[in-house]
1. Tally time: how many residues in the range 1-14 are more than 17 Å from the chain's Cα centre (by Cα) and either outside any loop (DSSP other than H, G, I, E, B) or surrounded by 16 or more Cβ atoms within 10 Å (Cβ to Cβ) (or both)?
2. Of the residues in the range 28-45, how many are surrounded by fewer than 21 Cβ atoms within 10 Å (Cβ to Cβ) and either farther than 16 Å from GLU80 by Cβ or touching a strand residue (DSSP E or B) at 6+ places or on another chain (Cβ under 9 Å) (or both)?
3. Got at least one residue in the range 189-207 being open to solvent by 60 Å² or more (accessible area, probe 1.4 Å), touching a Lys or Arg at 6+ places or on another chain (Cβ under 7 Å) and within 16 Å of the ligand (Cβ to nearest atom)?
4. Being surrounded by 12 or more Cβ atoms within 10 Å (Cβ to Cβ), in contact with a Phe, Trp or Tyr (Cβ under 9 Å, 6 or more places away or on another chain) and under 16 Å from GLU204 (Cβ atoms): is that true of LEU98 here?
5. Go through the range 101-116 and give me each residue that's buried (at least 16 other Cβ atoms within 10 Å of the Cβ) and not in a loop (DSSP other than H, G, I, E, B).
6. For TRP146, which of the numbered conditions (1) within 16 Å of the ligand (Cβ to nearest atom); (2) surrounded by fewer than 21 Cβ atoms within 10 Å (Cβ to Cβ); (3) closer than 20 Å to GLU197 by Cβ fails to hold?
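The values are calculated or read from the model by the stated rules, or taken from the named source; none is laboratory data. Since we're looking at a predicted model, the values are computed, not measured. Heads up, the Cβs are rebuilt from the backbone with ideal geometry, glycines too, and the neighbour counts pull from every protein chain shown. Remember, those area values only see protein heavy atoms, side chains included, never the ligands or the DNA or RNA. Shrake-Rupley method; radii C 1.70, N 1.55, O 1.52, S 1.80 Å.
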Amino acid sequence: MFNLPQLEYDYDALEPYIDAKTMEIHHSKHHQTYVNNLNAAMESIKELDIEFYKKISKIAKKDELAAAEYLVSHLENVPEKVRTAVRNNAGGHLNHSLFWKVLKPAEDDNALSANLLKKISADQGDLVEIKETFNAMALANFGSGWTWLVFDKKNDKFEIVNGPNQDSPLGAGLIPVFGIDVWEHAYYLKYQNRRAEYVDAFWEVLNFKQAEKLFDERLNS
Ligand code: MN3
């Protein structure tokens with residue numbers, strides 16, 4: 001039901017900021033494992049609750065990421081036996097699928113639109129302050145998790161938040177603009193314990209334009 005997405009660039013495209021070996025293992029091993037485990041959890045759901053399984057299948061036929069989003073947004077409906085597996089692996093699939101899309105080879109012509117930056121800045125300050133807060137959050141994110149710039153539609157506010165493990169902001173009703181994976185597997189080969197250097201490097205390969213496009217699509221859907 002769920003599949004590993006192809007990257008829109010080569011594994012070495014983000015060098016020297018994110019190295020090819022890390023990209024290859026992160027995508028083809030780690031992300032693949034979330035996909036495999038999610039598919040295995042779906043097989044269990046098929047046995048445990050066929051109606052729920054059919055509902056997810058129907059959504060996945062049109063858009064598998066929408067199905068993963070439905071799962072993390074309705075964990076209370078997932079059979080308890082596989083709830084944690086679904087939370088971790090549907091979250092992992094969603095988080096990484098977005099992460100690959102908001103990265104790109106370092107280029108000059110890459111910025112948020114003045115319109116969106118103005119809105120974010122009303123809550124989070126200018127881009128320098130946004131980076132400062134985001135980096136501090138990423139460094140303070142203890143253990144394995146993600147740091148996100150999200151829009152909280154309910155409170156009409158942009159926020160920078162940490163999530164543990166593979167929890168997806170979508171499951172909490174937050175719309176991500178972009179996020180950074182701060183699991184050690186995302187940076188350890190190149191940066192070892194130097195997470196701060198990895199977080200700095202992330203901004204060099206962050207595809208603001210693509211992040212904004214995906215954010216707008218989701219906000220308006
Ligand atoms: Mn990861």
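1. So the first thing to find is which residues in the range 1-14 are more than 17 Å from the chain's Cα centre (by Cα), and the list is 1, 9-14.
In the following step, the residues that additionally are either outside any loop (DSSP other than H, G, I, E, B) or surrounded by 16 or more Cβ atoms within 10 Å (Cβ to Cβ) (or both) were identified as 1, 11-14.
Total meeting the criteria: 5.
2. Here the count works out to 10.
3. So in the range 189-207, the residues open to solvent by 60 Å² or more (accessible area, probe 1.4 Å) come out as 189-190, 192-194, 197, 200, 204.
Now restrict to residues that are touching a Lys or Arg at 6+ places or on another chain (Cβ under 7 Å): 189.
So of that shortlist, the ones also within 16 Å of the ligand (Cβ to nearest atom) come out as 189.
Yes, some residue in the range 189-207 is open to solvent by 60 Å² or more (accessible area, probe 1.4 Å), touching a Lys or Arg at 6+ places or on another chain (Cβ under 7 Å) and within 16 Å of the ligand (Cβ to nearest atom).
4. On the way: surrounded by 12 or more Cβ atoms within 10 Å (Cβ to Cβ): yes; in contact with a Phe, Trp or Tyr (Cβ under 9 Å, 6 or more places away or on another chain): yes; under 16 Å from GLU204 (Cβ atoms): no.
Spelling it out, it is not the case that LEU98 is surrounded by 12 or more Cβ atoms within 10 Å (Cβ to Cβ), in contact with a Phe, Trp or Tyr (Cβ under 9 Å, 6 or more places away or on another chain) and under 16 Å from GLU204 (Cβ atoms).
5. The answer is LYS101, LEU103, LEU116.
6. Every listed condition holds for TRP146 apart from (2).
One line per residue, one yes/no per condition, for (1) within 16 Å of the ligand (Cβ to nearest atom); (2) under 22 Å from the mean Cα position of the chain (by Cα); (3) over 20 Å from ASN165 (Cβ atoms):
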residue: GLU47; (1), (2), (3): no, no, yes
residue: ALA68; (1), (2), (3): yes, yes, no
residue: LEU75; (1), (2), (3): no, yes, no
residue: GLY91; (1), (2), (3): yes, yes, no
residue: ASN95; (1), (2), (3): yes, yes, no
residue: LEU103; (1), (2), (3): yes, yes, yes
residue: ALA106; (1), (2), (3): no, yes, yes
residue: GLY125; (1), (2), (3): no, no, yes
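Residues are listed down the side, and each one gets a yes or a no for (1) closer than 30 Å to ALA67 by Cβ; (2) open to solvent by 20 Å² or more (accessible area, probe 1.4 Å); (3) touching a Gly at 6+ places or on another chain (Cβ under 6 Å):
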{"residue": "GLN124", "(1), (2), (3)": "no, yes, no"}
{"residue": "GLU129", "(1), (2), (3)": "no, yes, no"}
{"residue": "GLU132", "(1), (2), (3)": "no, yes, no"}
{"residue": "MET137", "(1), (2), (3)": "yes, yes, no"}
{"residue": "ALA140", "(1), (2), (3)": "no, yes, no"}
{"residue": "GLY163", "(1), (2), (3)": "yes, no, yes"}
{"residue": "ASP167", "(1), (2), (3)": "yes, yes, yes"}
{"residue": "LEU174", "(1), (2), (3)": "yes, yes, no"}
{"residue": "HIS185", "(1), (2), (3)": "yes, yes, no"}
